[in-house]
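K.L.:
Please see the structure below; I have some questions.
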Amino acid sequence: MNRIDELFKKLKKQRKKAFIVYVTAGYPNLSATARLLPILEKAGADLIELGIPFSDPLADGPTIQKSSHEALLKGVNVKSILRLVRESRRKVSAPLVFMTYYNPILKYGFKNFIRDSKKAGIDGVIVPDLPPEEAGELSKVAKKMDFDTIFLAAPTSTKKRLLKIAEKSRGFIYYVSLTGVTGARKRLPYDLVRHVKNLKKITKKPVCVGFGISSPKQARHISRLADGVIVGSAFIKIIEKNAGDKGAYKKAASFARSMGKAVHSR
């Protein structure tokens, strides 16, 4: 049983939901990311997604695209992020998951990518542009190394497709709350409840909801439906807004704490 499985088992026993935070690795720089990870865990993050910057992030909205672009300009790449993870594991015990597109994995070599990620302390990977039907080799190697492959389900997914996603996902299933790209939203889709309930009817695996979640109220609402709540763009905006500010880390921790409290409340 790996860290992700242990986390959801523990939370289920405690009747709590997972608070998951997305961070673009290397934004605003690698040292800032290294400092943020233990701060986020202490503030209540149960699992942290580390985004690997990519030049053509199709699923990401303007906020994450910008953070990814700035990290790339500073030379951030898979190898430098793996070094960061290895060093961070001395201070961070929460599960860490990479979120990346298939191109960087292919370029690195998927067997090497999984092996090196696992050695560094990463527990799984989310690849938005890789459907489960095309992930056979990657999934096979990952399973052998006890490295989770997490696939995305969407409001447009048919029941047949949801069954395939549920079958192939390990760790948890990432449910995309809305169609389109990532980004904070003032309102969440009216049919979100129905879609999440339908997905949970066909799988016992944890279902975590992301895309568009920007406030504690939204986070609390989703925690009543799903097994985990994923916050990305809203957190990146906090980092962007306070970049260079002496109190930036305190503000990031405060935001994470408020969202975590909302998710963990019964």
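K.L.:
Which value, in debye to the nearest 20, describes the size of the charge dipole of the stretch 3-264 about its Cα centre when Lys and Arg Cβ atoms bear +1, Asp and Glu Cβ atoms bear -1, and nothing else is charged?
P.N.:
1100
K.L.:
Taking amide H positions as placed in the peptide plane 1.01 Å from N, state which residues far from G51 in sequence (5 or more) or on other chains have amide H under 5 Å from it.
P.N.:
Correct list: V23, T24, A25, M99.
K.L.:
Please give the contour-minus-distance gain from E6 to K201: 0.36 nm per residue of separation, less the Cα-Cα distance, rounded to one decimal in nm.
P.N.:
Roughly 68.0 nm would be gained on extension.
K.L.:
Given the Cα-Cα distance of K119 and R86 and 0.36 nm per residue of separation, how much length would full extension add, in nm?
P.N.:
11.1 nm
K.L.:
Magnitude of the Cβ-charge dipole of the stretch 21-95, K/R +1 and D/E -1, about the Cα centre, nearest 20 debye?
P.N.:
In debye, rounded to 20, the stretch 21-95 gives about 440.
K.L.:
Could you pull out every one of the aspartates and glutamates with an alpha carbon less than 19 Å from that of K107, ignoring same-chain neighbours closer than 8 positions?
P.N.:
Straight-line reach from K107, under 19 Å: D56, D116, D129, E134, E137.
K.L.:
Mean 1/r over all different Cα pairs, inverted: what Kirkwood radius does the chain give, in Å? Before the final figure, lay out each step's value.
P.N.:
Values: mean 1/r = 0.0549 Å⁻¹.
For the chain, the Kirkwood estimate is 18.2 Å.
K.L.:
Please sort 96-106, 15-25 by packing, taking for each peptide the average over its residues of neighbouring beta carbons within 10 angstrom, highest first.
P.N.:
Going from most to least packed, we get 15-25, 96-106.
K.L.:
Using the basic label-point model (7 angstrom from Cα toward the beta carbon), what is the T156 to K74 distance in nanometres?
P.N.:
3.4
K.L.:
For a quick check, take a GNM of the chain with Cα springs below 10 Å and name the residue from G210, G51, G247 with the largest mean-square fluctuation.
P.N.:
G247
K.L.:
May I pose another question? Using the charge dipole of the stretch 28-71 (Lys, Arg: +1 at Cβ; Asp, Glu: -1 at Cβ; taken about the Cα centre), state which of I64, P53, L37 has its Cα farthest towards the positive end.
P.N.:
With unit charges placed on the Cβ atoms, the residue in question is L37.
K.L.:
Please give the net charge around K160, taking every other residue with its beta carbon less than 14 angstrom from that of K160, where Lys and Arg add +1 and Asp and Glu add -1.
P.N.:
+2
K.L.:
Something else now. Per DSSP helix of 4 or more residues, -39500 (n - 2.57); summed, then divided by the residues of the chain. What does that give at 222 nm, rounded to the nearest 500?
P.N.:
Rounded to the nearest 500, the figure is -14500 deg cm²/dmol.
K.L.:
While we're on this one: Could you identify which residue out of K12, K91, K246 has the top mean-square fluctuation in a GNM of the chain using Cα springs shorter than 10 Å?
P.N.:
K246
K.L.:
For the stretch 239-248, take each phi angle, set θ = phi - 60°, evaluate the Karplus expression 6.51 cos²θ - 1.76 cosθ + 1.60, and give the result in whole Hz per residue in order, putting x for glycine and proline.
P.N.:
5, 4, 5, 10, 4, x, 7, 4, x, 4
K.L.:
Going highest first, how would you order 107-113, 26-32 by mean Cβ packing within 10 Å?
P.N.:
Working: 107-113: 15.7, 26-32: 18.7.
Taking the mean over residues of other Cβ atoms within 10 Å, the ranking is 26-32, 107-113.
K.L.:
If you don't mind, another one. Which residues in the stretch 207-242 place their backbone N less than 15 Å from a point set 7 Å from the Cα of K261 along the Cα-to-Cβ direction?
P.N.:
Under 15 Å, as judged by backbone N against the label point of K261, lie 215-220 of the stretch 207-242.
FYI, it's all coordinate maths here, none of it is from the lab. As the structure is a computational prediction, the values presented were derived from the model and not from experiment. Positions of Cβ are backbone-derived with ideal geometry, glycine not excepted, and every protein chain shown enters the neighbour counts.
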